[in-house]
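Before any comments, here is the structure.
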Amino acid sequence: MPVSLRHFVKKSPQWAVAIIAIILVSFYWFIWAEDRYVSRATVVLESPQVASPEFSLSSLMSGSSGDTHDLLLLREHLLSVDMLRLLDEQLGIRQHYSENGDFFAKLRDPNVPIEDLHKYYLRRVEIELDEYAGVLNIHVQGYTPEFAHDMAALLLEAGEDHMNEMGHRLADEQVRFLEQQMVRLEERFEETRGKLLEYQNEFGLVSPTSTVESINQVVATLEGDLARLQAQRNALASFQSSQSSELRQVERSISALRDQIVVQRDRLAQATGDSLNRVSAGYETLELQAQFAQETYSSALASLENTRLEAARQLKQVSVLQSPLFPEYPTAPNRLYNSSVFAILTIFIAFIFSMMAMIVKDHRD
């Protein structure tokens, strides 16, 4: 070692260590580090344009946030252990990353636990969410262009299948539940309609309520006639004897009207037996039950159709804005950037140690 170099190392060991580290790291990045090919893809989630039966301001306001939420779910699935297992089964990730790459970048043991393999996977797959554009940018690194392209394509295919399955799972459960409820409500509706028909046939009345109204009108008419005849009787009694034939005829008519009014009122209300008011009350109860069952059944039908439409809207299609790139030359690692950043940090640290050494020397003096 030359005397000047030995003197420099002795006088400024921190700078000597920094220069050696920069040389070694630069040698690794520019000479030793193996090239990696990067396949890029840009995707967006789209749903079928199914007309919604209801329109509301809240649905408009929640549209973009729902898309962002779905993109985040897609991103998390693409970076999950489940996706890693699928890629390993179909593409052989362990074999590819363990047989290629330099000592520091390769997967050193192909039989590493899944946790360690997942950490390595996250270093080779980068998925960024562009919230402004509402797209996912996917970057996949491989040691061959074919592997990087195939891995990116499989990520898109598996991600679309997962989003469709997840979107339909809840909708299918809702449809299945509503269909079961439809069977029960239909049986209930048929049962109430059957009871109403049996009740009508039992009493021979299509609408007891209408019959009651008709009898009330008859009673009102009879009472009007009775009042008219009573007035006529009073008028005749003022100038005729009680034994006159005309007055006796009026009395008989009044008596007949009173008897008829009593008969009609007995039809409407009796202490015992099947009076029309009891029949009408029972009919109205059955009719309300039938109407309620019909309205519930109609509401369930509408809900079922809405849920089926929602199930169609839950279908998520991964629309590819940029198909997986088949790389023609390696773009990773970024050798100049990595070397420059390391050199700047090393020089900064060496400068700090130099300042500390100068402060300690000044205190000693």
- request: Output ³J(HN,Hα) for the stretch 147-157: one whole-Hz value per residue in order, computed from phi by the Karplus curve 6.51 cos²θ - 1.76 cosθ + 1.60 with θ = phi - 60°, and x for Gly and Pro.
  value: 5, 4, 5, 5, 5, 5, 5, 5, 4, 5, 5
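With r as the distance between the Cβ atoms of GLU126 and ILE347 and R0 = 30 Å, compute the FRET efficiency 1/(1 + (r/R0)^6) and round to 0.05.
Numbers: r = 29 Å, r/R0 = 0.95.
According to the calculation, E is roughly 0.55.
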- line: Rounded to 0.05, the calculated FRET efficiency for the beta carbons of GLU46 and GLU328 at R₀ = 35 Å is 0.70
message: Spelling out what I want: for every residue of the stretch 34-42, take phi, set θ = phi - 60°, compute 6.51 cos²θ - 1.76 cosθ + 1.60 (Karplus), and round to whole Hz; glycine and proline get x.
response: 7, 5, 10, 8, 10, 9, 10, 8, 10
query: Measuring from label point to label point, each 7 Å out along Cα→Cβ, what is the LEU24 to TYR337 span in nm?
result: 2.5 nm
task: Taking amide H positions as placed in the peptide plane 1.01 Å from N, state which residues far from SER244 in sequence (5 or more) or on other chains have amide H under 5 Å from it.
output: none
- prompt: Which whole-Hz couplings ³J(HN,Hα) result when phi for each residue of the stretch 346-359 is put into the Karplus expression 6.51 cos²θ - 1.76 cosθ + 1.60, θ = phi - 60°, listed in order with x for Gly and Pro?
  reply: 5, 5, 5, 5, 5, 5, 4, 5, 5, 5, 5, 5, 5, 5
- prompt: Packing-wise, with mean Cβ within 10 Å as the measure, how do 98-111, 347-360 rank, highest first?
  reply: 98-111, 347-360
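So how do 137-146, 13-22 stack up, highest first, on mean other-Cβ count within 10 Å?
Details: 137-146: 19.6, 13-22: 16.0.
With the highest mean Cβ count within 10 Å placed first, the list reads 137-146, 13-22.
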- line: Mean Cβ-within-10 Å packing, highest first, puts peptides 75-81, 34-40 in the order 34-40, 75-81
- prompt: For labels at VAL320 and ASP161 in the simple 7 Å Cα→Cβ model, what's the distance in nm?
  reply: 1.6 nm
query: Which far-off residues, 5 or more places away or on another chain, put their amide H under 5 Å from the one on VAL135, with H placed in the peptide plane?
result: ASP130
Accessible area per residue in Å² at 1.4 Å probe, computed on the stretch 110-152: 49 Å²
query: If we count every other residue with Cβ under 14 angstrom of VAL17's Cβ, Lys/Arg +1 and Asp/Glu -1, where does the sum land?
result: +2
task: Note down the nm distance, to one decimal, between modelled labels 7 Å out along Cα→Cβ at GLN180 and at GLN240.
output: 8.2 nm
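Per 0.36 nm of contour for each residue apart, how much would the distance between ARG364 and GLN230 grow if the chain were fully extended, relative to their Cα-Cα spacing? Kindly include the intermediate steps, with their values, before the conclusion.
On the way: separation 134, 0.36 × 134 = 48.24 nm, distance 13.87 nm.
Separation in residues times 0.36 nm, less the Cα-Cα distance, equals 34.4 nm.
The values are calculated or read from the model by the stated rules, or taken from the named source; none is laboratory data. Just so it is clear, the structure is predicted and the values come from calculations on it, not from any experiment. Glycine gets a Cβ as well: all are built from the backbone with ideal geometry, and neighbour counts include every protein chain shown. Keep in mind that these areas ignore ligands, DNA and RNA; they rest on the heavy atoms of the full protein, side chains included. Shrake-Rupley method; radii C 1.70, N 1.55, O 1.52, S 1.80 Å.
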